[in-house]
1. Per-residue HN-Hα couplings for segment 72-81, Karplus 6.51 cos²θ - 1.76 cosθ + 1.60 at θ = phi - 60°, whole Hz, x for Gly and Pro?
2. Between helix 38-48 and the chain, what is the angle of the helix's C-alpha long axis to the longest principal axis, kept within 0 to 90° and rounded to the nearest 10?
3. What's the long-distance tail for segment 2-107, i.e. % of Cα pairs beyond 24 Å?
4. So for the chain: antiparallel DSSP bridges make up what percent, rounded to the nearest 5?
5. Residue by residue, what Karplus-based ³J(HN,Hα) values in Hz, rounded to whole numbers, does segment 99-104 have, using 6.51, -1.76 and 1.60 with θ = phi - 60° and x for Gly and Pro?
6. How high is the FRET efficiency between residue 19 and residue 66 when r is their beta carbon distance and R₀ equals 35 Å, given to the nearest 0.05?
7. Amide H neighbours of residue 9 under 5 Å, counting only residues 5+ apart in sequence or on other chains, H built in-plane at 1.01 Å?
8. How much net charge surrounds residue 17 when only other residues with a Cβ under 14 Å from its Cβ are counted (Lys, Arg +1; Asp, Glu -1)?
Amino acid sequence: MLIHLTLFRDGEFRQLDIRLPPPTGLGLGIDHWEGASVSTALQYAQRVFEPNLGYSLSCRRGLCKLCAMRIDGEVKLACTVALHDGIRIEPAKPKLALHDTVVELSLVRVKTDKTKPQRA
């Protein structure tokens, strides 16, 4: 599973591609990355590949909207979007980027999706 990240660090944007190993046996409680939430994948990527990876996450249910980011070109919630191979993740609003995918959320509008991914 390949994730393409656009991160904001030290005043500039940079690309980071992360290839996730199969999740079986990783202690995540899932057998496939397909269908797992983007936030689950970001948590794993932070723990294993990129300890300084910045993202916001709170309720994990799509209620607080803290995990808003641009996913495949649309602003969505990372906790409610299902992961797929080749997914593109970037700050919700580049002009409001603070660190990596974290942005000043007061001016971000989020398009919510009623389908829920599998939870880890």
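Each reported figure results from applying straightforward, stated rules to the coordinates on display, with no laboratory input. Everything quoted here is computed from the prediction, not taken from an experiment. Here the Cβ positions follow ideal geometry from the backbone for every residue, glycine too, while neighbour counts run over all protein chains shown.
1. Once rounded to whole Hz, the list reads 6, x, 10, 6, 9, 9, 4, 7, 10, 9.
2. With rounding to tens, the tilt is 80 degrees.
3. On the way: 878 of 5565 pairs.
Percent of Cα pairs beyond 24 Å in segment 2-107: 16.
4. Details: 17 of 21 bridges.
Roughly 80 percent of the beta bridges in the chain run antiparallel, per DSSP.
5. In residue order, the calculated couplings are 7, 6, 9, 7, 10, 6 Hz.
6. Details: r = 27 Å, r/R0 = 0.76.
It comes to 0.85.
7. HN-HN under 5 Å from residue 9: 14, 100.
8. On the way: positive: 14, 19, 88; negative: 50, 85, 90.
Taking every other residue near residue 17 into account, the sum is 0.
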